[in-house]
Amino acid sequence: MKFTLRLVVAIWVSVLVVIAGFAVLQVREERARLVTDLERRAVLLGEGLKEAIEPVVGRGSATAVERILKKFGRPRRGIAVYDRFATLLVATPDLKPVLPPSLPEVTEAIGDGAVRQRLTSVGGRPAYVYATPLFRDDKPAGVLAVVLDAAHVDDAEWAVGRQNAIRFLLLALVVSLITLVIVRTTVIQPMAKLSEWTQALRRGTPLPPPEAPDARLFGPLAHEVSSLAKSYYHAQSAAEQEAALRLLGDTVWTEERLKQFVRLRAGERPLVVVSNREPLSHVRRNGRIERHTPASGLVTAMEPVMRACGGVWVAHGSGDADRQMADARGRLGLPEDDPRYTLRRVWLTPEEEAGYYYGFANEGLWPLCHIVHTRPVFRPEDWDHYVGVNRKFAAAVLEEVEGTEAPLVLVQDYHFAMLPGLVKAERPDARVAIFWHIPWPNFEAFGICPWQRELLLGMLGADLIGFHTQYHCNNFLETVERTIEARIDWEHFSVLRGEHETVVKPFPISVAPEFVDEPPRTSREELLRELGVSVEFLGVGVERIDYTKGLPERFRALHWFFERYPEYRERVVFVQLAAPSRSTIPRYQELQREVEDTIREVNQALQTRSWRPIIYLNRHHEHREIWAYYRHADFCMVTSLHDGMNLVAKEFVSVRDDDGGVLILSRFTGAARELRDAVLVNPYDIAETAEAIRAAVEMAPEERAARMARMRRTVREHNIYQWAGLLLSELTRIPMEVAEAKDA
Ligand code: ADQ
């Protein structure tokens with residue numbers, strides 16, 4: 001039976017039971033009331049008559065009795081008088097023909113000399129009989145019977161029944177209609193939408209999940225179905241991708257391939273990733289909790305790896321609603337709608353964050369490693385916090401790997417130089433790698449750090465140290481050689497200290513093949529309309545506001561370009577997407593002002609009534625928003641003064657499935673070593689960068705397409721899954737190599 005029919009039948013039965021119950025009570029009450037009324041009337045009449053009839057019956061005067069009865073008899077009210085042998089003497093005319101030969105009430109009243117009364121039937125009609133004995137000289141002389149018509153008692157019962165039947169029908173109808181409407185709007189329609197949506201997903205046309213009108217009813221179900229559908233869609237597209245690659249004989253790394261590889265290589269060994277930045281933070285805005293993906297190259301790179309491999313990601317819980325959104329141990333599954341790995345949040349005090357993150361890491365190590373003429377600041381109290389926080393994170397990692405064997409620990413970046421040593425000291429069986437996402441300077445430059453030895457020893461606790469380029473590896477090995485006592489194996493690029501060997505290798509980081517899962521497909525016209533411009537050429541820059549990214553230099557180069565080539569005024573617009581970063585540090589505040597001033601200067605010098613050369617969008621953008629800029633820009637500028645790799649360059653290339661767009665790329669980025677088809681520039685050279693802009697807008701379409709196609713192949717082949725695969729492959733191989741080395 002259909003759900004709705006079952007529901008309606010259930011409602012009808014319930015209404016019937018309730019109304020029938022009430023009807024029975026009502027009938028009983030009505031009957032009792034009417035019977036009491038009959039009784040009262042019968043008593044009044046019977047006792048009144050008795051007084052008049054008793055003396056007459058005693059005299060045996062039937063005529064006198066008849067006369068009295070005539071006077072009191074009425075239609076529907078019969079009176080009969082019996083002698084002491086229960087033989088009818090006289091009865092009112094209406095009653096006489098229907099009276100039975102004997103009335104039980106009369107016989108009983110004669111038998112015991114007491115009044116008898118009850119509702120019964122006389123002559124086939126309901127009647128109330130009241131029989132009262134008559135006496136003469138205290139001796140039984142006969143019986144007076146009053147017979148009241150009681151047909152109305154039955155009629156009243158029927159009327160109550162009829163009323164309740166109508167009430168039942170009306171109520172059942174109204175309730176059924178309301179139920180049908182509610183079921184339709186809150187169950188059937190949302191279910192239909194949900195099933196349409198799941199079908200669409202199954203067919204491979206992903207749509208946003210439908211709104212569930214009653215979140216309490218459908219929220220959990222919609223959530224589960226959507227997670228299931230997403231996993232299914234994901235698995236399906238991974239399988240299709242794999243099949244296509246197999247057909248092409250292609251060896252490109254995919255998420256699926258990385259997953260299988262890790263399963264094969266690592267088996268049951270758990271994977272723990274540690275970074276300062278968390279992949280998702282929960283923040284309170286206007287009374288609501290919002291989700292933020294940080295503008296961070298590290299997060300962009302590691303997130304797809306964690307989705308593929310699973311495991312635990314230990315990171316600083318920096319959002320003000322982070323605690324509320326995690327369990328008591330600071331854990332939660334991510335992605336929230338389809339959890340594939342666990343985020344373990346570590347809580348820091350504001351003092352710890354100020355000392356370790358803003359202080360030692362970002363005012364000390366960041367400028368130390370990026371030689372961009374910002375003087376590093378080393379404060380002893382910051383160093384203490386740095387060591388303290390490294391210990392705190394080490395404790396979290398150790399807790400996560402408790403009870404496991406030979407876990408794999410991937411430490412990320414310059415925030416955790418001490419962590420490998422701390423973890424290895426407690427868990428020598430763990431395989432620990434640290435990947436340094438920023439450049440490593442030459443040993444003289446590094447030598448100004450007061451805690452250079454401690455940092456190196458902490459890092460050398462790792463089994464594997466990764467940088468983006470061989471050049472950074474060489475700088476690191478040279479720094480070790482000149483700073484601490486250790487043997488450098490230049491042939492295998494490793495450091496030997498006592499029994500422990502640390503391999504140092506380049507792993508050029510990259511991006512996932514898909515910049516976003518489902519690109520928004522905003523058209524160029526829509527994007528330009530949104531920006532309120534109509535120009536021939538669109539340039540774009542996407543950065544955190546950081547002094548290493550060469551933002552003022554870029555804007556000066558644009559100024560130079562428009563000065564030198566005025567024919568491009570009003571034909572080129574440059575959009576700068578700039579996410580605020582580390583804004584509590586004075587140098588960053590200063591930079592923010594410098595960026596704004598430079599843009600204002602350039603715009604004021606050049607702008608016309610209908611054109612502004614630089615549009616500055618100073619906020620965090622989601623990757624889906626950035627997609628449209630990458631996809632429709634005629635050129636993208638990456639002018640870092642020094643950058644470990646730079647993912648913006650690779651993201652831009654990965655999005656250009658039209659083989660369009662020109663990449664202007666600083667030679668001082670790690671990416672410049674791989675993306676040789678970019679227009680390479682020295683960002684300090686304003687004139688050269690301006691020429692690069694001209695080259696970009698004037699480049700012949702064939703050359704542009706050929707360059708982009710080659711860069712796309714590079715980014716596709718050397719993607720983030722390959723990066724993670726090679727890194728993990730190296731890490732899982734290390735114990736065997738060490739054992740072999742010892743045996744030999
Ligand atoms: P970052 O210095 O953070 O990374 P980068 O590699 O360019 O720099 O990555 C920046 C990331 O942030 C990109 O994914 C980009 O899309 C995103 N982003 C930039 N501006 C944004 C904005 N306005 N809104 C939102 N998102 C924005 C460090 C090193 C790099 C190295 C990476 C990875 O400094 O050299 O490439 O780690 O190892």
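The values are calculated or read from the model by the stated rules, or taken from the named source; none is laboratory data. Because the structure is predicted, anything quoted here is derived from the model rather than measured. Don't worry about glycine lacking a Cβ; one is built from the backbone with ideal geometry, like all the others, and counts go over all protein chains shown. We work out accessible area using only protein heavy atoms, side chains counted, and drop any ligands, DNA or RNA first. Shrake-Rupley method; radii C 1.70, N 1.55, O 1.52, S 1.80 Å.
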> Which three extents, in whole angstrom, do the alpha-carbon atoms of the chain cover along their principal axes, largest first?
Replying inline: 150, 71, 55
> Mean residue ellipticity at 222 nm from the helices of the chain, using -39,500 (n - 2.57) per DSSP H segment of n ≥ 4 over the full residue count, to the nearest 500 deg cm²/dmol?
Replying inline: -16000 deg cm²/dmol
> When the C-alpha atoms of the stretch 20-155 are aligned to their principal axes, what extent does each axis show, in angstrom, from largest down?
Replying inline: 55, 28, 25
> How far apart, in nm, are the 7 Å Cα→Cβ label points at Ala328 and Tyr471?
Replying inline: 5.2
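With r as the distance between the Cβ atoms of Arg340 and Ile289 and R0 = 30 Å, compute the FRET efficiency 1/(1 + (r/R0)^6) and round to 0.05.
Working: r = 22 Å, r/R0 = 0.72.
Computed FRET efficiency for Ile289 and Arg340: 0.90.
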> Which loop chymotrypsin sites (Phe, Trp or Tyr not before Pro) in the stretch 582-660, with loop taken from DSSP, have no more than 11 other Cβ atoms within 10 angstrom of their Cβ?
Replying inline: none
>> Please compute the volume of the convex hull spanned by the alpha-carbon atoms of the stretch 259-506 and report it per residue in Å³.
In response: 133
> If we count every other residue with Cβ under 14 angstrom of Thr36's Cβ, Lys/Arg +1 and Asp/Glu -1, where does the sum land?
Replying inline: +2
> With each label point set 7 Å from Cα along the Cα-Cβ vector, what nm distance links Arg67 and Asn618?
Replying inline: 12.4
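Placing +1 at every Lys and Arg Cβ and -1 at every Asp and Glu Cβ, with all other atoms neutral, what dipole size does the stretch 524-718 have around its Cα centre, in debye to the nearest 20?
Dipole magnitude for the stretch 524-718 comes out near 280 debye.
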> Hey, which lysines would be in cross-link range of Lys650, C-alpha to C-alpha under 25 Å, not counting anything within fewer than 8 residues on its own chain?
Replying inline: Lys259, Lys505, Lys549
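Based on DSSP, what percent of beta bridges with both residues in the chain are antiparallel, to the nearest 5? Show your work: numbers first, answer last.
Details: 45 of 92 bridges.
Close to 50 percent.
Before I look further, what does the stretch 318-382 give for accessible area per residue, probe 1.4 Å, in whole square angstrom? Don't skip to the answer; put the middle values down first.
Details: 2770 Å² over 65 residues.
In whole numbers, the stretch 318-382 has 43 Å² accessible per residue.
For the chain, with only Lys/Arg (+1) and Asp/Glu (-1) charged at the beta-carbon, what is the dipole magnitude about the Cα centre, in debye rounded to 20? Can you show the working numbers first?
Values: 93 positive and 101 negative charges, 778 e Å.
About 3740 debye.
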> Straight-line reach from Lys193: which lysines have Cα under 27 Å away, leaving out those fewer than 8 places along the same chain?
Replying inline: Lys2, Lys230
>> To test your reading of the geometry: what angle, between 0 and 90 degrees and rounded to tens, separates the Cα axis of helix 255-266 from the longest principal axis of the chain?
In response: 80
> Any idea what the dipole of the stretch 259-506 comes to, in debye rounded to 20, about its Cα centre with Lys/Arg Cβ at +1 and Asp/Glu Cβ at -1?
Replying inline: 600
>> Could you work out the relative contact order of the chain? I mean the mean sequence separation of Cα pairs under 8 Å and 6+ apart, divided by the number of residues, in percent.
In response: 9
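Can you give the relative contact order of the stretch 20-155 as a percent, counting alpha carbon pairs under 8 Å and 6+ residues apart? Present the calculation step by step, with values, prior to reporting the outcome.
On the way: 229 pairs, mean separation 36.4, N = 136.
It comes to 27 percent, rounded to a whole number.
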>> Using a Förster radius of 35 Å, what is the FRET efficiency between Asp489 and Glu381 based on their Cβ-Cβ separation? Nearest 0.05, please.
In response: 0.40
> Which listed residue (Ile166, Gly317, Phe515) has the Cα farthest towards the positive end of the charge dipole for the chain, taking +1 on Lys and Arg C-beta and -1 on Asp and Glu C-beta about the Cα centre?
Replying inline: Ile166
> Along the charge dipole of the chain, Cβ charges K/R +1 and D/E -1, which of Thr404, Thr483, Thr374 sits furthest on the positive end?
Replying inline: Thr404
>> Report for the stretch 524-718 the percent antiparallel among DSSP-assigned beta bridges with both residues inside it, nearest 5.
In response: 5
> For the chain, with the dipole built from +1 on Lys and Arg beta-carbon atoms and -1 on Asp and Glu ones, taken about the Cα centre, which of His415, Val183, Ala200 lies farthest toward the positive end?
Replying inline: Val183
>> Cross-link candidates for Lys96: which lysines have Cα within less than 21 Å, leaving aside residues fewer than 8 places away along the same chain?
In response: Lys50, Lys70, Lys71
> Modelled label-to-label distance, Ala395 and Ala192, 7 Å Cα→beta-carbon offset: nm?
Replying inline: 5.8
> Could you state the number of Å between the C-alpha centres of the stretch 117-161 and the stretch 257-281?
Replying inline: 96
